[in-house]
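The values are calculated or read from the model by the stated rules, or taken from the named source; none is laboratory data. Computed from a predicted model, the values in this text were never measured in an experiment. Neighbour counts are summed over all protein chains in view; Cβ atoms, including those assigned to glycine, are modelled from backbone coordinates with ideal geometry. Accessible surface is based on the protein model in full, side chains and every heavy atom, while ligands, DNA and RNA are left aside. Shrake-Rupley method; radii C 1.70, N 1.55, O 1.52, S 1.80 Å.
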Protein chains: 2
Amino acid sequence: MPPFGLLHMRAWASLFGQLLRPRRAVFIREVRVHSQVAEAVLTSQLKPHQEKSHFVIKTPKGTRDLSPQQMVVREKILDMVIGCFKRHGAKRIDTPAFELKETLTEKYGEDSGLIYDLKDQGGELLSLRYDLTVPFARYLAMNKVKKMKRYHVGKVWRRESPTIVQGRYREFCQCDFDIAGQFDPMIPDAECLKIMCEILSGLELGDFIIKTSWKDVRHEMVVKKGLAPEVADRIGDYVQCHGGVSLIEQMFQDPRLCQNKQAREGLGDLKLLFEYLTLFGIAEKISFDLSLARGLDYYTGVIYEAVLLQTPAQAEESSNVGSVAAGGRYDGLVGMFDPKGYKVPCVGLSIGVERIFSIVEQRMKTFGQKIRTTETQVFVATPQKNFLHERLKLIAELWDAGIKAELLYKNNPKLLTQLHYCEDMGIPLVVIIGEQEMKEGIIKLRLVASREEVAIKRENLVAEIQKRLSES
Amino acid sequence: MPPFGLLHMRAWASLFGQLLRPRRAVFIREVRVHSQVAEAVLTSQLKPHQEKSHFVIKTPKGTRDLSPQQMVVREKILDMVIGCFKRHGAKRIDTPAFELKETLTEKYGEDSGLIYDLKDQGGELLSLRYDLTVPFARYLAMNKVKKMKRYHVGKVWRRESPTIVQGRYREFCQCDFDIAGQFDPMIPDAECLKIMCEILSGLELGDFIIKTSWKDVRHEMVVKKGLAPEVADRIGDYVQCHGGVSLIEQMFQDPRLCQNKQAREGLGDLKLLFEYLTLFGIAEKISFDLSLARGLDYYTGVIYEAVLLQTPAQAEESSNVGSVAAGGRYDGLVGMFDPKGYKVPCVGLSIGVERIFSIVEQRMKTFGQKIRTTETQVFVATPQKNFLHERLKLIAELWDAGIKAELLYKNNPKLLTQLHYCEDMGIPLVVIIGEQEMKEGIIKLRLVASREEVAIKRENLVAEIQKRLSES
């Protein structure tokens with residue numbers, strides 16, 4: 001693929017230059033502790049006859065904290081994903097973490113049991129959102145919006161049996177892009193697939209393939225027709241086939257497969273889709289695959305899912321993460337919320353950022369390099385005792401000039417402690433103030449990487465720092 | 001105050017140049033609708049004997065969606081707040097939206113009744129987080145972190161009686177900065193106040209004052225001593241006083257106020273705090289005020305709260321939003337989670353971004369200017385019929401070069417419709433492709449603001465667009 005999002009790719013390269021350091025083991029292990037307060041609560045209020053008098057300090061099952069290192073990686077990945085959504089002209093919205101329980105009802109089929117309900121504390125019955133798609137459809141219907149290209153980044157919650165090893169959590173972040181509105185066929189659908197390709201290429205996760213199918217075609221051909229013995233074998237052949245334009249062309253020509261109107265129309269649209277994908281330069285990344293099914297009830301028409309292709313070495317590491325992005329068309333969902341059943345056709349995609357984080361974390365472990373978790377540019381140090389007042393005055397000047405600066409919160413820190421802190425934290429510059437220099441109207445600037453020190457006129461300090469930072 | 005965070009201030013100025021447009025009324029009104037699906041659910045499953053057969057499509061009480069216009073404002077404000085936190089060397093963490101119920105128990109005093117509990121669906125008892133402070137303390141204790149300067153931006157939930165007019169919601173965003181660790185007295189406390197000043201000045205919300213008090217001093221002097229008749233009047237005087245260094249000095253010298261050791265030490269530390277605030281150049285923004293109280297149980301030592309001062313005109317508009325930032329010291333909270341009661345002293349602040357959004361929205365209403373909700377740079381148009389393929393090929397080239405581009409999802413849109421779209425959306429450039437130009441190997445670039453059109457060699461298109469975008 002030609003290079004796109006050059007800035008993003010460069011950012012990614014520079015990210016990898018810094019961020020690779022093993023995950024802190026501390027965030028994996030559960031720390032079991034005993035708390036007097038908790039004990040009091042457990043024994044007196046919550047569970048009056050509880051025998052065990054201690055509880056575990058932990059995050060809820062299937063959830064986790066993100067450490068500063070993890071947050072740096074997450075934010076870089078989200079920046080790239082959001083950058084792509086913006087490149088395609090999307091607006092951002094937000095919706096509440098919970099919805100009226102009835103808003104979510106009958107949207108998820110078998111998965112409905114995985115919805116988190118809130119306790120009835122009086123008032124409305126509420127549930128945590130299960131995805132960002134149903135809230136978007138509710139938003140469109142409620143505000144009578146007929147046309148919108150939007151993205152949404154937020155957490156969703158599912159009461160799944162968590163198998164954290166595979167990167168599945170009960171709380172996870174979703175990044176959704178959707179196009180709502182009545183348009184000429186397959187143009188928005190093709191753009192969604194283009195976006196998936198751009199994001200997966202841009203993140204440099206390795207080779208990938210996007211499998212597409214067509215819910216109605218699949219239903220007609222596999223579920224309904226599959227029961228008729230005379231075409232069963234024929235269908236079986238197609239289900240096992242993966243392919244692009246030529247496969248669709250072949251199916252389209254097959255009279256036995258085209259006798260059903262809905263299936264025939266679906267195949268016609270798929271042909272059109274592959275034409276557009278070819279113009280977008282991504283046809284070779286997309287494979288038509290009737291074996292693909294998506295669990296959610298609301299899909300209609302085209303559905304798709306991206307999977308990473310593994311090298312044999314990766315497969316051996318058992319870092320199998322499966323689907324990293326998915327989506328499809330859901331033309332009926334908004335109508336379920338409209339009083340007159342007015343439909344707003346929609347197509348969209350969701351990036352499985354949680355899985356992508358897992359892959360990148362795995363890499364970090366492998367490479368074992370250091371990540372900077374702060375952006376501090378200058379450290380204010382002194383070798384002198386009783387110099388806190390001067391340090392505070394100076395650092396305020398730096399902050400007020402927009403410079404990212406830190407000092408140690410001690411009255412009389414040792415110089416070596418201060419310099420070690422800078423090396424540990426990767427802070428590039430140190431301003432060193434002392435009594436003698438102050439009398440002479442100068443100040444020392446130390447470059448942490450080279451340990452070089454230069455004397456600077458006190459009044460030029462801010463300008464000199466800004467110059468050096470803009471050059472680096 | 002001297003200018004700080006120049007880039008941020010410039011960003012803010014440019015924000016105000018664009019973002020002022022009346023809020024879409026559509027997000028305020030509740031749309032009442034009737035849904036057949038919901039009816040089926042209501043009558044069959046949820047409430048079998050329900051008489052009313054329709055429900056309201058809405059967000060839960062006290063919550064709201066954010067429109068693209070609101071998201072633009074919110075993101076600009078969050079960028080500035082986060083920029084300040086980074087300027088002070090903070091790392092970012094994240095924690096789950098819900099915690100074990102017992103983690104939140106006995107931390108919020110009277111406010112505990114406002115915690116949202118999750119329904120018991122088997123497994124752990126869970127509650128939505130009420131603030132970001134208790135999860136931070138849990139994080140420190142769980143990971144045995146003794147020292148950390150972190151920020152956290154996320155939603156919290158409180159079952160308050162919502163009075164949305166005042167900008168109070170049941171779901172709202174918090175931006176917290178905290179310094180954990182054992183340090184020399186009052187240095188981190190002073191930095192927290194400095195950060196509050198930088199953010200409130202940087203957001204240009206108008207004049208503000210930060211009121212500080214001291215929980216222990218207040219307790220000793222107001223609650224305990226207030227009962228002793230012989231000092232009641234004396235205390236009453238101080239409670240009514242607001243002031244800086246000189247007031248504290250005066251109280252410090254008053255033997256009747258200093259007979260209690262804890263109160264005396266508190267006053268000594270307050271004196272030190274005001275010294276540091278003077279060095280930071282913000283002493284005149286801070287007022288000592290014993291009438292200040294903060295509801296939460298966990299505070300110890302210094303507490304503070306920032307309020308906007310209103311011009312008479314603003315007060316008339318009744319845009320009273322009260323406190324916009326608050327915080328304080330909580331030295332005991334982490335110890336409540338530690339098995340051995342090991343304490344990690346903490347001090348921090350929380351920015352009331354929800355109130356700040358309300359103020360900015362109010363201004364938007366007043367100014368009535370337009371906000372761009374997308375960042376699209378180039379629109380791909382044609383006056384020609386049957387030119388979809390050429391448009392798709394061209395736009396893919398732009399996307400792949402990292403250019404933010406859109407087209408209409410129609411086979412044969414009218415040129416006027418396409419140009420109107422660009423003017424509506426504020427897209428600065430239009431690429432216009434036609435058959436004749438294609439034959440000649442050129443392409444037209446239209447500058448939307450001036451309606452000027454220039455012919456460009458086809459092969460130079462991307463470079464020319466990038467040049468013009470970097471200049472603008």
Q | 12 Å Cα cut-off, lysine pairs counted over the range A:378-471 (separation 8 or more, or different chains) | A | 4
Q. Once a ≥ b ≥ c are taken as the square roots of the eigenvalues of the Cα gyration tensor of the range A:386-436, is the result rounded (a/c under 1.5), prolate (a/b larger than b/c) or oblate (a/b not larger than b/c)?
A. oblate
Q: Give the nm distances, rounded to one decimal, from A:D184 to the matching residue in every other copy, measuring between label points 7 Å along Cα toward the beta carbon; shortest first.
A: 7.3
Q: Please work out how much accessible surface B:I395 shows to a 1.4 Å probe, ignoring ligands, DNA and RNA, in Å² rounded to 10.
A: 0 Å²
Q) Smallest Cβ-to-axis distance in chain B, for the rotation taking B to A: which residue, how many Å? A) B:K119, 2
Q) Among A:E423, A:E406, A:E284, what's the order by accessible area (1.4 angstrom probe), most exposed first? A) A:E284, A:E423, A:E406
Q. In nm, to one decimal, how far is the A:Q253 label point from the B:D184 one, both placed 7 Å along Cα→Cβ?
A. 8.5 nm
Q.
Can you give me the accessible area per residue for the range B:385-472, using a 1.4 Å probe, in Å²?
A. 52 Å²
(Q) Need one word for the range B:378-471: rounded, prolate or oblate. Basis is the Cα gyration tensor (sqrt eigenvalues a ≥ b ≥ c); a/c below 1.5 gives rounded, then a/b vs b/c decides. (A) rounded
Q) Taking a 30 Å limit on the Cα-Cα distance, which of the listed pairs B:K61/B:K119; A:K340/B:K155; A:K155/B:K340; A:K107/A:K211 fall beyond it? A) A:K340/B:K155; A:K155/B:K340
Q) Given labels modelled 7 Å from the Cα in the Cβ direction, how far is it in nm from A:K385 to A:D79? A) 4.5 nm
Q: Please work out the Cα center distance from the range A:417-472 to the range B:419-453, rounded to the nearest Å.
A: 51 Å
Q | Bridge type composition, the range B:378-471 - antiparallel percent by DSSP, nearest 5 | A | 60 percent
Q: Compute the FRET efficiency between B:S112 and B:S323 as 1/(1 + (r/R0)^6), taking r as their Cβ-Cβ distance and R0 = 30 Å, and round to the nearest 0.05.
A: 0.90
**Q.** Inter-copy label distances at A:S323 (7 Å, Cα→Cβ; nm, one decimal)
**A.** 4.5
**Q.** Accessible area of A:M438 in the full protein assembly, 1.4 Å probe (Å², nearest 10)
**A.** 100 Å²
(Q) Distances in nm, one decimal, shortest first, from B:E204 to the same residue in every other copy, taking the label point 7 angstrom along Cα→Cβ. (A) 3.9
(Q) Which of rounded, prolate or oblate describes the range A:303-436 when judged by the alpha-carbon gyration tensor and an a/c cut-off of 1.5? (A) oblate
Q.
Using only protein heavy atoms and a 1.4 Å probe, how much accessible area in total is buried between A and B, to the nearest 100 Å²?
A. 10500 Å²
Q: On the protein heavy atoms, probe 1.4 angstrom, tell me the percent of accessible surface of the range B:378-471 carried by carbon and sulfur.
A: 49 percent
